Amino acid sequence: MTLLEAPQLVVNSRMLYFGWVPADPDAVAALVPPGLKPMANRQVFMNQYVVDAPEQTSGFGAYSLTYIGPDLEDAYAPDGVTPGRWWTHYFNSSAVVRDYASARGVPASVGTTTLDLHGHTLTATTCSDGVPVIRTTVRVGHQLGETSRGQLRYLTEVGGRFVAGNYPFISEPVADFEVESLEFLDPSHSVYALRPANPLEITWGFYAPRASFAYPGGETVLS
């Protein structure tokens with residue numbers, strides 16, 4: 001298979017993206033490789049999203065994805081405020097996207113994500129090799145809030161070197177948003193190390209019925 005060239009464009013994905021304080025901060029810190037630094041509170045990020053049609057991408061085709069990992073200090077996005085991010089898990093439904101991501105150091109594996117909206121209740125379910133591992137329940141409004149735009153930074157390791165990629169985005173989040181529950185369903189799965197503290201402490205987040213981004217933008221070798 002011929003790998004796609006960077007960058008790739010995705011428009012109008014349905015996206016649930018948020019962060020939390022973990023139940024086991026030491027377990028989260030252990031997932032960050034030497035040379036990178038987790039946040040002091042060891043906060044975790046997760047993006048559960050769906051691209052419904054091939055026409056929404058420049059080459060990927062339709063797919064679903066959940067990615068997750070620790071936020072990083074001293075590796076901030078271009079705005080100087082948003083933490084850089086380290087992927088520990090990347091559950092993707094598309095072999096095309098998995099190949100593209102794997103070539104750039106992303107730990108891509110087979111998985112699916114569904115986002116089901118009934119009234120004001122959004123349920124996002126992530127499966128790894130057909131087994132449900134994460135379920136998020138969110139209360140959302142239907143009125144859009146202020147459009148968000150900027151760049152995120154994700155770090156990977158390629159050939160023994162850290163690479164930082166800038167990912168420009170434009171998203172249209174709903175104005176009302178509240179994470180009601182976050183369940184890690186399989187204690188035997190490695191992603192369970194990232195489960196949230198009880199009570200749940202959400203650090204930030206949004207649901208956007210339309211979120212667009214490039215994948216990735218500028219890349220810089222850090223070491």
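The values are calculated or read from the model by the stated rules, or taken from the named source; none is laboratory data. A quick note: this is a predicted structure, and the numbers were derived from the prediction, not measured. Positions of Cβ are backbone-derived with ideal geometry, glycine not excepted, and every protein chain shown enters the neighbour counts. Remember, those area values only see protein heavy atoms, side chains included, never the ligands or the DNA or RNA. Shrake-Rupley method; radii C 1.70, N 1.55, O 1.52, S 1.80 Å.
Annotations for the structure displayed:
- In segment 215-223 there is at least one residue that is open to solvent by less than 60 Å² (accessible area, probe 1.4 Å) and either among the acidic types (Asp, Glu) or more than 17 Å from Asn12 (Cα to Cα) (or both).
- Residue satisfying all of: in segment 64-78; among the hydroxyl-bearing types (Ser, Thr, Tyr) and part of a strand (DSSP E or B); farthest from the chain's Cα centre (by Cα) among these: Ser64
- Among the strands (runs of 3 or more DSSP E) confined to segment 79-123, the ones with at least 3 residues that are more than 16 Å from the chain's Cα centre (by Cα) and either charged (D, E, K, R) or at pLDDT 95 or above (or both) are located at 108-118.
- Scanning segment 153-167 for residues that are assigned to a strand (DSSP E or B) and either open to solvent by less than 30 Å² (accessible area, probe 1.4 Å) or at pLDDT below 95 (or both) gives Tyr154, Leu155, Thr156, Glu157, Val158, Arg161, Phe162, Val163, Ala164, Gly165, Asn166, Tyr167.
- Residues that are surrounded by fewer than 18 Cβ atoms within 10 Å (Cβ to Cβ), in a strand (DSSP E or B) and either among the basic types (Lys, Arg) or out of contact with any helix residue (DSSP H, G or I) (no Cβ under 8 Å at 6 or more places or on another chain) (or both), drawn from segment 1-46: Leu9, Lys37
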